[in-house]
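To start, the structure itself, in structure tokens.
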Amino acid sequence: MIVGTCLIEVHIFESNSLKEKRHVIKSLVGRLQSRFNISIAEVDKFESWNSSIIGFSCVSNTTNHVQSTISNVIKFVDGDNRLEIISQNIEIF
């Protein structure tokens with residue numbers, strides 16, 4: 001069993017309140033969860049109105065599948081014009 005985890009720090013554009021930030025993050029998390037079948041949640045920077053840290057994980061039989069899934073999730077997040085990826089930390093066990 002191979003487990004892949006990733007933390008993504010994002011900066012949210014045009015977010016002027018926690019309510020706007022939560023709307024963007026909740027929308028993104030829901031789309032990623034349904035599209036890629038991953039476990040995902042906002043894990044830090046809950047009180048910051050323009051940044052967030054999202055963590056997700058996936059499990060598979062092969063390392064290639066885990067790497068591919070993580071790469072596809074990062075590309076999907078990077079393609080969202082409402083936010084920008086500041087940093088990412090990937091670990092595969």
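The values are calculated or read from the model by the stated rules, or taken from the named source; none is laboratory data. Predicted, not measured: the structure shown is a model, and the values here were computed from it. So basically every Cβ, Gly included, is an ideal-geometry build from the backbone, and we count neighbours across all protein chains shown.
Of all residues in segment 54-93, those being surrounded by fewer than 17 Cβ atoms within 10 Å (Cβ to Cβ), within 14 Å of Ile38 (Cβ to Cβ) and among the aromatic types (Phe, Trp, Tyr) number 1.
Within this structure, Lys45 passes the test of being at positive phi and surrounded by fewer than 17 Cβ atoms within 10 Å (Cβ to Cβ).
Could you check segment 3-28 and list, in sequence order, the residues that are outside any helix (DSSP H, G or I), free of Cβ contacts under 8 Å to residues at least 60 places away in the same chain and touching a helix residue (DSSP H, G or I) at 6+ places or on another chain (Cβ under 9 Å)?
Start the filter on segment 3-28 by keeping residues that are outside any helix (DSSP H, G or I), which leaves 3-17.
Still in the list and also free of Cβ contacts under 8 Å to residues at least 60 places away in the same chain: 15-17.
Passing the criteria: only Ser15.
Sub-6 Å Cβ pairs linking a first residue in segment 50-62 that is at positive phi to a second residue that is modelled with pLDDT under 90 and assigned to a strand (DSSP E or B), at least 6 apart or interchain, number zero. Selection of segment 9-42 for residues being farther than 14 Å from Thr69 by Cα, under 10 Å from the mean Cα position of the chain (by Cα) and of a type in the set (A, V, I, L, M) yields Val10, Ile25, Leu28, Val29, Ala41.
Restricting attention to segment 32-69, the residues being of a type in the set (Lys, Arg) and in contact with a Phe, Trp or Tyr (Cβ under 8 Å, 6 or more places away or on another chain) number 1.
Per the conditions (1) more than 12 Å from Val10 (Cβ to Cβ); (2) at pLDDT below 95, the sole criterion not satisfied by Val77 is (1).
The condition (being crowded, with 17+ Cβ neighbours inside 10 Å and either basic (Lys, Arg) or over 13 Å from Ile74 (Cα atoms) (or both)) is satisfied by just one residue among Ser34, Ser15: Ser15.
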